[in-house]
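The values are calculated or read from the model by the stated rules, or taken from the named source; none is laboratory data. Bear in mind the structure is a predicted one, so any value in this text is a computation, not a measurement. Note that each Cβ is placed from the backbone with ideal geometry, even for glycine, and that neighbours are counted across all protein chains shown.
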Amino acid sequence: MKIWYLIFFGVYFTVYGLINFYIGMRGWQAFGRFLPQGCGIIYWAILIALALSFIAGRFAENYLPGSLAGLFTIIGSYWLAAINYLFLTLVLVDIIRLLNRVLNFIPAPVMQRPELTGLAVVLLVTGVIIYGAWNARHPRLVHYDITIPKSAGSLNELHVVAVSDIHLGKIIHNGRLLPLVQQVNNLNPDLILLPGDTVEESVTTFVRHNMSGSLRMLKAKYGTFAIFGNHEYIGGQAEDIYRYLQEAGIIVLRDEYQEIAGSFYLVGRDYQYGERFGGAGRRKLTQVMAGVDRSLPVIMLDHQPSNLNEAQEQGVDLQISGHTHLGQLFPLNIFTGLLFETDWGYLRKSDFQLIVSCGFGTWGPPIRVGNMPEIVDINIQFIDTAGQNANDVGPVMRTMGRLW
């Protein structure tokens, strides 16, 4: 397995380095002649520092002062977004230039002033980054009205609030968490669900900012439940994260279930590939649900919206997932759309229903382009629909606008 990781990271860093070099070369061609003689070394040193800043902040935090590691992480995070859009824009510019060699449609004065094209690219990308940073900090409320065609004892209705992919850490801390907690509590939910990636790999910042205390303020009739996503495992501190979440009053389900109020079951799946990062490995859903009475409604949390047939076959009525971020940075949503049957929104397959959230927080760049951060508000009605077509009880989805 280690050899595959070495190959993956080798290919990744090679491609990453080539993209940064390409951007650097195009920048030098556009602006290099305006810099004082001998400044080329400074130019390339700054570019290399930007390219390495995210890596330095994330992987050298144990060897750097906390504030310095945080600064590197923030600078590097914005640079990751910048190179995404610089690369795409510059490739488009180069394609236009190649077409111009054949069609000769660009005026000669423009071709003779590459700095004008370079300036236009910089201004465009800067605008996208500013918008994306603002967008990422202004979540919306997405509401679903759904029906589960089962009786839930004396319970006719359940109000659930789900917040996936918060990514609490250096970038998203109490300044973002406290308004989130207040907004969730204002919705007065019966049940709060956190479908993975609540904590961003390391508990260092989580503990330093006492985010456990902030999460402890969440209030719901039946409590707050969480599962692990990939980021709880990646940093190798899954057990510490588990302990701190439990201390915050959050029940973490790791291939476990709970019967709630004698009315419905909540199943929490462990992360699908947790064993790659030192986890115990995920059990089969048949084993996890061995004691579940399928005559009652079954709600399941699974971080990734994958293996949907397994959930459907095991009688899960509603699965809530996250993970995809809907690509986070357009056009990466093209890839999430190819990877997952549903990468955002609602899906129904017979009696099985799926809601995928694009998440509240961000990974890497604190930027969202082409999607909005969200809090998911779900009103579930339990109706014994024996003899009816399950598809007659379809969902109603509506967005409620920006929350702050």
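Just one residue in the set 169, 153, 175 is without any contact (Cβ under 8 Å) to a residue 24 or more places away in the chain, in the same structural domain as residue 348 (by TED's automatic domain parsing) and not hydroxyl-bearing (Ser, Thr, Tyr); that residue is 175. Scanning the stretch 370-388 for residues that are of a type in the set (A, V, I, L, M) and modelled with pLDDT under 95 gives 383, 386.
If you go through the stretch 212-245 and keep only what is closer than 21 Å to residue 184 by Cβ and among the small types (Gly, Ala, Ser), you end up with 212, 213, 214, 220, 223, 226, 229. Residue 105 falls short on exactly one of the conditions (1) among the aromatic types (Phe, Trp, Tyr); (2) free of Cβ contacts under 8 Å to residues at least 60 places away in the same chain; (3) in a helix (DSSP H, G or I); (4) farther than 30 Å from residue 206 by Cβ, and that condition is (3). The set of residues from the stretch 233-247 being crowded, with 21+ Cβ neighbours inside 10 Å and either outside the structural domain of residue 299 (by TED's automatic domain parsing) or at pLDDT 95 or above (or both) comprises 241, 245.
Checking the stated criteria, residue 63 turns out not to satisfy the condition of being at pLDDT below 95, of a type in the set (Ser, Thr, Tyr), over 21 Å from residue 128 (Cβ atoms) and part of a helix (DSSP H, G or I). Would you mind stating whether residue 52 is part of a helix (DSSP H, G or I), surrounded by 14 or more Cβ atoms within 10 Å (Cβ to Cβ) and either touching a strand residue (DSSP E or B) at 6+ places or on another chain (Cβ under 9 Å) or without any contact (Cβ under 8 Å) to a residue 60 or more places away in the chain (or both)? Against the criterion (part of a helix (DSSP H, G or I), surrounded by 14 or more Cβ atoms within 10 Å (Cβ to Cβ) and either touching a strand residue (DSSP E or B) at 6+ places or on another chain (Cβ under 9 Å) or without any contact (Cβ under 8 Å) to a residue 60 or more places away in the chain (or both)), residue 52 qualifies. Of all residues in the stretch 159-185, exactly one satisfies the criterion of being small (Gly, Ala, Ser) and farther than 22 Å from residue 271 by Cα, namely 175. Taken together, 293, 270 contain a single residue that is part of a loop (DSSP other than H, G, I, E, B), surrounded by 20 or more Cβ atoms within 10 Å (Cβ to Cβ) and on the phi < 0 side of the Ramachandran plot, which is 270. Quick one: residue 110 ticks every box in (1) surrounded by fewer than 17 Cβ atoms within 10 Å (Cβ to Cβ); (2) closer than 30 Å to residue 376 by Cβ except a single one, so which number is it? With respect to (1) surrounded by fewer than 17 Cβ atoms within 10 Å (Cβ to Cβ); (2) closer than 30 Å to residue 376 by Cβ, residue 110 is out only on (2).
Apart from one condition, residue 261 fits all of (1) surrounded by 22 or more Cβ atoms within 10 Å (Cβ to Cβ); (2) at positive phi; the exception is (1).
The residues of the stretch 150-165 that are buried (at least 19 other Cβ atoms within 10 Å of the Cβ) and part of a loop (DSSP other than H, G, I, E, B), listed by number, are 150, 163, 164, 165.
Selection over the stretch 216-239 of residues that are in a helix (DSSP H, G or I) and within 19 Å of the chain's Cα centre (by Cα) gives a count of 6. Within the stretch 309-353, the residues that satisfy the criterion of being of a type in the set (A, V, I, L, M, F, W, C) and closer than 22 Å to residue 161 by Cα are 311, 316, 318, 320, 326, 344, 347, 352. Residues that are surrounded by fewer than 23 Cβ atoms within 10 Å (Cβ to Cβ) and in contact with a Ser or Thr (Cβ under 7 Å, 6 or more places away or on another chain) occur in the stretch 205-221; there is at least one. Against the criterion of being within 26 Å of the chain's Cα centre (by Cα), without any contact (Cβ under 8 Å) to a residue 40 or more places away in the chain and part of a helix (DSSP H, G or I), residue 12 qualifies.
I'm trying to understand the selection: among the residues of the stretch 186-214, which are in a helix (DSSP H, G or I) and touching a Leu at 6+ places or on another chain (Cβ under 7 Å)? Those that are in a helix (DSSP H, G or I) and touching a Leu at 6+ places or on another chain (Cβ under 7 Å): 206, 211, 214.
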